[in-house]
Amino acid sequence: MTNSKTNLWQPGLTGCLFVLTYLLSTTQSIGSLEYELFLFILKLLPADREFFALSSINLAPQWAVLLLYGILLVILFIKYWRTGTTAISLVMVGIILFGLLMTEVLLVIFSQIYLPVGLLALAVILGAAIFWVAGWYRRISSNVISGQDSQSLAEIRNQIAEGELESALVRLKKSKYNDELLEVGYELGALLEAGKDWASALNLYKWLSQYNPDMDEFVARIEEIRFKQEPGRKKIKQDETLHIIGHYELRKKIAKGASATVYEAYDMRTQNRVALKVMSSDMGTEIERDRINHWLHEAEIISQFEHPNIVKIHDAAKYRDTAYIAMDYIDGYPMTLRLRKREYITVGECIRISKSVLRALS
């Protein structure tokens, strides 16, 4: 998709060339010049193949000329949408030119109709030449930029390794965005958070999120940093000073969805690490109270299941104006991190995961 958007100028230029060519062919001077060129080509034919008189040749109607332009334009556009580029190969250019020439000559021989295609052939050659030059320049520029980006990212990594995080952040934001830069930004953000430099981390994540607005992980990190920057702000119905819900001490936010936030928490009674899911809604309205009651009822049902592929629920209750569910904490990593590294799920992994889910559902 990106490649198609990048090359959008190519079909546009092709259409403009065809329109300009057609308008020029309707002028008397250009039309006469094209006809003289056609007569020159006819003289190259063997004498015994001249089955017609020049005086009997009739000019093809304009609709036939427009139809030929339209057919060729559709062929090129179909090639564009299928391959993402209208750059024409040398073989295809040769086939198009040969086809146009033979169409012009055969119509004269068998129907005594002159179909002007000389300018159209020149437009095809000109368009192909422009695309070849543009493609050659793009490849050279891409190689140069790629080399510069790799060198720049290597220097940023060195600055991170030497602890120059602020300098690395400034340089990172001046670099051209790509997948490798995103990975470096993620590493830099983690170090900034570890050093409690919330302002710089927030600055970094905001910049990264404009290139990846669908990445919930960065959005969650931004919200977490804002919370840490404003400790006096009332957060999800929890003790502002101790960050405690019930007998659970909140350690770290794991993820946030539309209806709840999941934290890594510490159960002060059992001294175990748990995953605590806290409802984002409060019980201020009857609708919200019904939602929370339904949510807790579902948790009660799931807690009765005993299966190795179903996360065990240990506790579910209301706390002040909201509710929570305490579950087993399972170590892992966000799928977005794996996808950024291009480590896609294999067929074998898909089958294994599907089997585990189906065993749990059975």
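Would it be correct to say that residue 151 is at pLDDT below 75 and farther than 30 Å from residue 37 by Cβ? Considered against the rule, which asks whether it is at pLDDT below 75 and farther than 30 Å from residue 37 by Cβ, residue 151 comes out as yes.
Yes/no per residue for (1) of a type outside the set (A, V, I, L, M); (2) modelled with pLDDT of 85 or more; (3) under 16 Å from residue 262 (Cβ atoms):
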site	(1), (2), (3)
283	no, no, no
289	yes, no, no
292	no, no, no
312	yes, yes, yes
319	yes, no, yes
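Taken over segment 85-96, the criterion of being modelled with pLDDT under 75, surrounded by 16 or more Cβ atoms within 10 Å (Cβ to Cβ) and not in a loop (DSSP other than H, G, I, E, B) is satisfied by 93 alone. Taking the criterion of being among the acidic types (Asp, Glu), free of Cβ contacts under 8 Å to residues at least 60 places away in the same chain and assigned to a loop (DSSP other than H, G, I, E, B), the only residue of segment 308-333 that qualifies is 331.
For segment 296-307, taking the residues that are of a type in the set (A, V, I, L, M) and free of Cβ contacts under 8 Å to residues at least 24 places away in the same chain, the one that is surrounded by the most Cβ atoms within 10 Å (Cβ to Cβ) is identified as 302. Please work out if residue 254 is more than 30 Å from residue 194 (Cβ to Cβ) and either at pLDDT below 85 or out of contact with any Gly (no Cβ under 7 Å at 6 or more places or on another chain) (or both). No.
The values are calculated or read from the model by the stated rules, or taken from the named source; none is laboratory data. Remember, it's a predicted structure, so these values are computed and weren't measured experimentally. Every residue, glycine among them, receives a Cβ derived from its backbone with ideal geometry; neighbour counts consider all protein chains shown.
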